[in-house]
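Below is one structure, written out as structure tokens, with a few remarks after it.
Every number here is computed from the coordinates shown, using simple stated rules; none is lab data. It should be emphasised that the depicted structure is a prediction, and the values quoted were computed from it without experimental measurement. Here Cβ is always computed from backbone atoms with ideal geometry, including for glycine, and neighbour counts include all displayed protein chains.
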Amino acid sequence: MFKKSLVILLYTIVVAVISAVITTTYISNNFVLGSKAENIEPHQDLIQVSQSKVDESPIKEANTIIEFFSYGCHYCALNEPHINDLSARMPQGTKIVYLHLNRSSSGLSRYSGIFATLSVMGIEKQYRDKAYDAVIKDKLDISDATTRELWLKKIGIDVDAYNKASESQEAKDLLKYMADVSAYYDIKATPSFIVNKKWVALQDRKYPAFADQLLSLLQHDKSLEK
């Protein structure tokens with residue numbers, strides 16, 4: 001009788017352990033791993049592009065730091081003051097260029113049309129914070145036409161003028177340009193920075209140290225030690 005009870009007890013313990021392992025694995029795979037932000041993937045912090053690829057780059061302007069961002073990127077919004085400080089430090093003849101991520105594989109790209117349209121209208125920088133707030137704080141899907149129209153009215157942008165600009169060739173060209181550059185440099189995370197067509201950098205240190213890193217890449221073609 002004692003042996004039978006012991007066998008039953010051991011069997012129960014084994015079943016419980018196996019069940020716990022299966023449950024833990026399931027939760028890890030489906031909830032913990034699955035909950036990672038869309039723009040957070042294993043990556044290299046700094047990639048140097050070959051000279052042949054630089055020569056064939058679709059980027060139109062040299063001596064630039066391009067920031068790829070998204071209105072849905074929380075870190076991009078937080079970094080705005082730092083990028084403004086970096087802009088003030090840029091050497092003469094250089095500049096920072098903002099481009100919105102535009103890749104079909106990324107949900108963060110859904111707002112690229114809004115960026116292109118507001119840029120064509122000449123008001124993107126003026127309304128960038130409002131776009132961040134709408135997507136990140138208010139959880140609005142401003143890529144949806146109905147939601148976007150209500151949002152545009154709320155922040156004082158003429159809907160007819162917006163719709164006209166969104167259909168312009170200039171907006172379409174900008175969307176294509178962002179898609180071409182995103183794909184050519186395989187940009188998957190935001191914010192990402194392309195420096196002088198040659199370096200793809202992700203933030204690997206705090207500001208202003210990261211700003212120093214970007215400027216060193218731009219001016220001296222050299223990465224700084226952390």
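Side notes on the structure shown:
- Between segment 156-175 and segment 88-112, the alpha-carbon center distance in angstrom: 18
- Approximate spin-label separation residue 84-residue 223, in nm, with each point projected 7 Å along Cα-to-Cβ: 3.1
- Computed lengthening from residue 92 to residue 48, 0.36 nm per intervening residue step minus Cα-Cα distance: 13.4 nm
- Between residue 63 and residue 168, the modelled label-to-label distance comes to 2.7 nm, taking each label 7 Å out from Cα in the direction of the beta carbon.
- Mean separation of Cα contacts under 8 Å, 6 or more apart, over the residue count of segment 46-220: relative contact order %: 37
- In this simple spin-label approximation, residue 141 and residue 212 carry label points 7 Å from Cα along the Cα→Cβ vector, and these lie 4.5 nm apart.
- Charging the Cβ of each Asp and Glu at -1 and of each Lys and Arg at +1, and nothing else, the dipole of segment 53-184 about its Cα centre rounds to 160 debye.
- Principal axis dimensions, largest first and in whole angstrom, of segment 46-220 by Cα: 47, 32, 31
- Amide H contacts of residue 140: 135, each under 5 Å away and 5 or more positions distant or on a separate chain (H built 1.01 Å from N in the peptide plane; Pro and chain starts excluded).
- Ranking of 52, 57 by neighbouring Cβ atoms within 10 Å, starting from the fewest: 52, 57.
- Per-residue packing, averaged as other Cβ atoms within 10 Å, sorts the ranges 177-184, 158-165 into the order 177-184, 158-165, beginning with the highest.
- Charge context of residue 151, other residues only, Cβ under 9 angstrom, K/R +1, D/E -1: +2
- Share antiparallel - DSSP beta bridges, segment 61-208, percent rounded to 5: 55
- For residue 197, nonlocal amide neighbours, meaning residues 5 or more places apart or on other chains whose placed amide H falls under 5 Å from its own, are 64.
- Shape metrics for segment 137-226, restricted to C-alpha atoms - Rg then Dmax, Å: 18.3, 51
- Distance histogram in 5 Å bins (all Cα pairs of segment 68-107, percent per bin): 5, 20, 25, 21, 14, 9, 4, 1
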